[in-house]
Each structure stands twice: as C-alpha cells, then as structure tokens.
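What follows draws every value from the coordinates through simple rules; no lab data is involved. Since the model is a prediction, treat every value here as computed from it, not as a measurement. Cβ atoms come from the backbone with ideal geometry, glycine included; neighbour counts cover every protein chain shown.
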Amino acid sequence: MTDSSKEGFLITRRKTLPALSMGIIGMTTRTSQAARQQATVTQIRNATLRINYGGVRFLVDPMLDDQGTSPGFPGSANSERRNPLVPLPIPVTDIIDVDAVIVTHLHTDHWDGKAKARLGKSLPLFAQNDEDAAAIREAGFKDVRVLTEASEFNGVKLVKTGGQHGTDATLKAVPRLGKVCGVVFSHPSEKTLYVAGDTIWNGHVEQAIARHQPEVIVLNAGKATFIGLDPIIMGEEDVRAVHRAAPKATLIASHMEAVNHCILSRADLRAFAEREGFVANLRVPADGEAIAL
Ligand SMILES: [Zn+2]
C-alpha cells in the first residue's frame with residue numbers, strides 16, 4: 001500500500017467512525033469500542049486532560065484533589081483563594097480509568113496528593129526526566145518511564161518537547177519553577193496533537209510547531225501570575241502568537257479558572273480571539289467538555 005492510498009483509507013475511516021459511533025452508541029459492545037476509539041481531548045480541570053488517541057486512553061497532569069484542599073500559591077495573584085477553585089466535573093474513578101499517565105512536571109496543580117493516592121501503582125506513567133521519574137517512583141509507582149524524543153506507547157508515538165515556565169527574568173527570580181515539558185502525540189490514523197504544557201510562547205513552542213506541524217494544539221492559557229513577575233504560562237497574546245505560527249491548527253485552551261493565580265478567564269480569552277480574528281481556530285472547553293479531534 002502506498003502512502004497516499006493509505007492516507008486515503010485513513011481519511012475515509014476517520015470520517016466514517018464518528019457517524020457510526022454517534023448513531024448507535026451504547027447499543028453493542030462493538031459500537032462502544034468504536035466510540036472509545038474516536039480521538040478526543042476532554043478537559044477535566046486545570047491542566048488535567050483525558051486524551052483518547054490511537055485507541056489508547058491517556059490521562060495528562062492529574063490534579064484530583066477536592067475543591068479547596070490547599071491554600072493559594074504564596075506570592076501569587078489571588079492567593080487568598082484555596083485550590084482547586086472548582087470541583088472535578090466527573091467522578092475520580094472515571095478519570096483514572098486509563099491505559100497510561102503523562103506528568104509534564106511535578107507542580108501540585110499537575111500532580112497532587114489524590115492523584116498519587118488514587119492512581120493504580122502499576123499504571124504506566126511517563127515523566128519528563130530522571131529526577132521526576134525518581135520522585136514518582138518514591139510515591140510507589142512501579143512502571144515509571146522517562147519521556148524522550150522517541151517514546152511510544154501501544155502504537156502511539158510520544159515526543160517530548162521543550163518549554164519554559166516563564167520568561168528568563170521570572171525563572172531567575174523564582175528558580176523553583178524548574179523544568180517543564182510538552183508532548184506531541186502521533187499515530188497513522190490520527191491528527192497530530194501537541195500538548196504544550198506549562199510554557200509561555202517562546203522558541204521551544206515555535207520549534208515544536210515547525211517540526212511537528214500539529215493539527216491540534218492544547219495550550220495552558222490561564223496566564224498564571226506571581227505578583228510583580230511576568231505570567232508563567234500562556235496568556236491571550238501567547239495564544240495569538242501560537243495561532244500565527246500555526247494558522248490552520250485548532251487551539252484548545254486549558255489550565256483556566258481552576259487555580260488561584262490564573263488571571264485570564266475563558267470569556268476574556270474568547271473575546272480576545274474574537275477581536276483578533278482567530279476565534280474559529282480556538283476551542284475553550286468547559287471542565288468536563290470533550291472535543292473530538
Ligand atoms: Zn500549572
């Protein structure tokens with residue numbers, strides 16, 4: 001089979017599958033399998049995502065604590081508010097029913113006490129580097145793998161990408177922000193998906209887009225801010241910069257309205273995209289909302 005005929009087949013399959021699964025969803029085991037295989041990104045809460053991709057169910061950056069468990073981050077915007085600001089939209093048992101977990105870094109809004117307590121200790125779990133992997137193993141996890149530029153899980157290619165959790169000046173002022181990563185998912189029958197992680201717009205993101213040409217990009221866009229410093233994740237202007245670098249891509253905004261220091265609301269990001277002419281390329285899902293790829 002040539003590449004082009006393979007591509008034709010896959011496009012046909014991609015078009016047929018959603019209709020099939022939507023029409024008779026839940027009627028037989030076979031159709032529920034088909035429904036399960038439809039690629040989706042589900043916004044859970046904060047940066048926590050459920051991603052069904054290439055027939056594999058991934059959980060990204062699980063923050064599963066109950067609403068209000070922890071004080072706000074000291075020295076950050078709105079630190080009097082307790083985190084998480086909002087409850088989980090679906091039961092934890094459903095969220096953790098996955099095949100593998102990806103943890104982009106170990107900040108508590110991406111990897112918290114309840115995630116450590118509730119996730120199965122034998123679940124395959126990907127960490128950004130040896131240091132994070134060691135910490136996750138110390139929490140009792142037995143199958144911890146380090147993401148590389150050539151990782152793979154059950155036929156899904158996972159490529160680690162770079163990122164920076166703030167400007168150079170911010171990182172100098174708050175070195176404990178530390179290292180972060182993103183990940184690019186690819187599979188012959190799926191659109192290329194880039195989850196950028198906790199990064200601002202910068203050369204890392206630009207390079208990942210140029211190299212992987214993702215059709216769908218998840219951006220942590222809540223503009224988390226410490227007092228007196230530049231934002232440590234994307235805000236509306238970073239999202240616009242990503243759109244300009246990948247004008248055909250669908251952007252999905254995550255990491256919004258769930259922890260105290262995120263100062264950009266979903267409504268304001270949407271309004272900005274409307275004014276700037278890229279709202280058609282932007283999805284801003286509510287917690288619990290699934291987006292079909
Ligand atoms: Zn974060």
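Check which residues have an amide H placed less than 5 Å from ALA39's amide H, if you skip close sequence neighbours. For ALA39, whose amide H was placed from the backbone, the distant partners under 5 Å are LEU293.
Would you mind working out the magnitude of the charge dipole of the chain relative to its Cα centre, with +1 at each Lys and Arg C-beta and -1 at each Asp and Glu C-beta, to the nearest 20 Debye? Each step should come with its number before you reach the end.
On the way: 33 positive and 33 negative charges, 142 e Å.
The dipole magnitude comes to about 680 debye.
Dipole check for segment 89-155: with +1 at the C-beta of Lys and Arg, -1 at the C-beta of Asp and Glu, and the Cα centre as origin, the magnitude is about 320 Debye.
Protection proxy ranking of 241-250, 69-78, by the mean of other Cβ atoms within 10 Å over each peptide's residues and highest first, is 241-250, 69-78. 3J(HN,Hα) along segment 110-115, derived from phi through the Karplus expression 6.51 cos²θ - 1.76 cosθ + 1.60 where θ = phi - 60°, amounts to 10, 7, 10, x, 6, 4 Hz, with x in place of Gly and Pro.
Between GLU237 and ILE263, what length comes free when the chain is fully extended (0.36 nm per residue of separation minus the Cα-Cα distance, one decimal in nm)?
On the way: separation 26, 0.36 × 26 = 9.36 nm, distance 1.35 nm.
Length gained, GLU237 through ILE263: 8.0 nm.
Residues whose amide H comes within less than 5 Å of that of GLN67, counting only those at least five positions distant or on another chain, are LEU88 (H built at 1.01 Å from N in the peptide plane).
Electrostatic tally near ALA47: other residues with Cβ closer than 13 Å to its Cβ, Lys and Arg +1, Asp and Glu -1, net -4. Straight-line cross-link reach from LYS223 at under 28 Å between alpha-carbon atoms covers these lysines, not counting any fewer than eight positions away in the same chain: LYS114, LYS116, LYS160, LYS172, LYS179, LYS191, LYS248.
Counting other C-beta atoms within 10 Å, which of ILE263, ILE102 has the fewest, and how do the rest follow?
Numbers: ILE263 15, ILE102 30.
Ordered from fewest to most neighbouring Cβ atoms within 10 Å, ILE263, ILE102 come out as ILE263, ILE102.
What is the antiparallel percent of DSSP beta bridges lying wholly in the chain, to the nearest 5?
Approximately 60 percent, going by the DSSP bridge assignments.
Which residues does a label at ASP230 reach in segment 178-216, if reach means a backbone N under 12 Å from a point 7 Å past the Cα toward the Cβ? In segment 178-216, the label zone of ASP230 (backbone N under 12 Å from the point 7 Å along Cα→Cβ) covers 200-203. Among residues other than LYS121 with Cβ under 13 Å from its Cβ, the summed charge is +2 (Lys and Arg +1, Asp and Glu -1).
For segment 39-292, the alpha-carbon coordinates run over 46, 43, 35 Å along the three principal axes, in decreasing order. Peptides 93-99, 163-169, 38-44, 286-292 ordered by packing proxy, namely the average of other Cβ atoms within 10 Å per residue, highest first: 38-44, 163-169, 93-99, 286-292.
Taking the mean number of other Cβ atoms within 10 Å as a proxy for protection, how do you rank 46-56, 149-159, 127-137 from highest to lowest?
On the way: 46-56: 22.7, 149-159: 15.4, 127-137: 17.3.
So the peptides 46-56, 149-159, 127-137, ranked by packing, come out 46-56, 127-137, 149-159.
With the helix formula -39500 (n - 2.57) applied to DSSP H stretches of n ≥ 4, the chain reaches a computed 222 nm mean residue ellipticity of -8500 deg cm²/dmol. Counting beta carbons within 10 Å around each of GLU215, GLU190 and listing the fewest first gives the order GLU215, GLU190. Here the dipole of segment 159-284 is about 220 debye; that uses its Cα centre as origin and unit charges on the Cβ of Lys and Arg (positive) and Asp and Glu (negative). Taking the charge dipole of the chain about its Cα centre, with +1 at Lys and Arg Cβ atoms and -1 at Asp and Glu Cβ atoms, the residue from PRO188, THR42, GLY75 reaching farthest to the positive side is PRO188. Here the residues LYS116, LYS223, ranked from fewest to most Cβ neighbours within 10 Å of their Cβ, fall in the order LYS116, LYS223. All other residues whose Cβ lies under 12 angstrom from that of ILE136 are scored, Lys and Arg at +1 and Asp and Glu at -1, for a net of 0.
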